[in-house]
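Have a look at the structure below, then the notes.
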Amino acid sequence: MFSPIERMMAWRYLRARKAEGFVSVIAGFSFLGITLGVATLIIVMAVMNGFREELVDRILGLNGHMNVYSQMGPLENYQSIAERLESINGVESVRPMVEGQVLVSVNGIASGAMVRAMSPEDFATKPLISTSIEQGSLDDFKDQSVAIGVDMAKRMNVKLGDDITLLAPKGKASPFGTIPRSRKYNVGVIFDVGMFEYNSGFVFMDITSAQAFFRLPNQVNSIEVMGEDAQNIQGVKESILNAFNNKINIYDWRESNSSFLNALAVERNVMFLILTLIILVAAFNIISSMIMLVKDKGKDIAILRTMGATQKNMLKIFTLTGSIIGISGTAFGALLGIAFAANIEAIRQFLESLTGTELFADEIYFLSQLPAVINWEDVMLVVGMAFVLSILATIYPAWRASKLDPVEALRYE
């Protein structure tokens with residue numbers, strides 16, 4: 001595509017002499033701009049992908065793929081309903097649950113929380129929780145005991161074995177008015193699922209205790225359904241609705257978290273557009289440096305033209321000169337971005353130890369670790385976009401060089 005003489009001239013123009021140092025400085029800034037733009041975009045896309053994957057994994061690990069509700073209130077005969085659900089193709093497991101909001105009170109501190117109750121066997125089959133127990137054991141999750149998160153325990157100064165008081169929002173009527181319904185439970189398990197929302201605002205308890213506390217004898221609020229694939233649950237959802245003749249309500253994880261997932265998608269797209277401007281600015285730097293190079297090399301271009309070089313030769317020489325800046329900057333930026341994203345948690349910990357400040361607070365970002373997942377499609381998209389912008393930036397300066405009139409360039413020499 002490029003002849004040896006064209007490659008030689010392009011490379012020579014990149015190695016500016018002392019008198020042409022300003023052009024070289026601009027080309028260097030163009031290189032750095034492309035490198036930083038590509039690296040930043042790859043790092044941000046990796047972190048955004050990591051956030052989404054980590055949050056979705058934790059949401060699914062705690063909430064399941066779908067929840068089945070009755071259209072008439074609490075579910076009665078839920079064991080038979082659970083057996084029917086398990087027989088439907090595509091359903092892996094079901095868990096009857098009791099859910100309700102409570103006020104947690106201990107040591108003079110009160111805070112709202114969500115109670116999620118299930119059988120000890122179902123609690124043990126939730127790997128995200130069962131593998132995240134900080135204190136206690138699965139054997140301690142039984143009647144009259146509860147499991148709370150590390151952040152709730154820290155905030156309320158609660159230790160393993162302490163008692164906490166739960167107050168239900170609906171009390172019992174008496175001649176003196178409504179008396180709040182309350183009961184003490186022992187803290188048998190303290191967990192850390194790596195997500196502040198659940199570590200600070202959820203209480204897990206045995207389903208029998210919850211049925212007595214919320215006055216739901218032999219009833220549950222919902223049945224959690226786990227499918228084979230969280231990303232392809234629409235078919236399973238339709239099968240369940242058909243099996244029950246649309247007499248139940250089903251909310252899948254996408255509907256329950258639609259606003260959250262949409263916010264992540266919008267933020268990801270906006271960040272991509274904003275950071276693309278860095279690469280675009282660097283491409284404009286390539287244009288300015290190439291235009292200055294063409295003006296500086298006017299005499300050389302005229303001599304080459306008089307020696308037989310064609311307009312096409314000049315076009316290819318300056319296109320290659322500018323492309324080398326963009327392509328090399330893109331390559332270095334891609335390597336830098338991939339290396340940074342692959343080691344971002346170690347880099348964060350190093351910076352925190354160096355500065356003595358907390359750069360990633362889990363109560364703000366919901367996660368206890370900074371995640372990063374490198375999506376190679378995103379990397380190829382960024383690299384391809386940078387390549388295209390770099391090549392497009394060379395077209396106008398190269399065209400100006402090819403149209404330079406040798407007579408005009410040498411007239412006053």
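Values in this text are rule-based calculations from the coordinates and carry no lab data. No experiment lies behind these values; they were computed from the predicted model shown. Using ideal geometry, Cβ is built from the backbone for each residue, glycine included, and neighbour counts are taken over all protein chains shown.
Some values worked out for this structure:
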item	result
Dipole-positive endmost among 113, 131, 182 within region 66-229 (Cβ charges, Cα centre)	182
Listed residue (149, 211, 68) projecting farthest to the positive dipole end of region 66-229, Cβ model	211
Cα gyration tensor, region 66-229 - rounded (a/c under 1.5), prolate or oblate	oblate
Mean projected area (nm²) of the alpha-carbon convex hull when region 116-160 is viewed from all directions	3.3
Pairs beyond 20 Å (Cα-Cα), from 295/316; 159/184; 142/184; 126/154; 295/403; 316/403	126/154
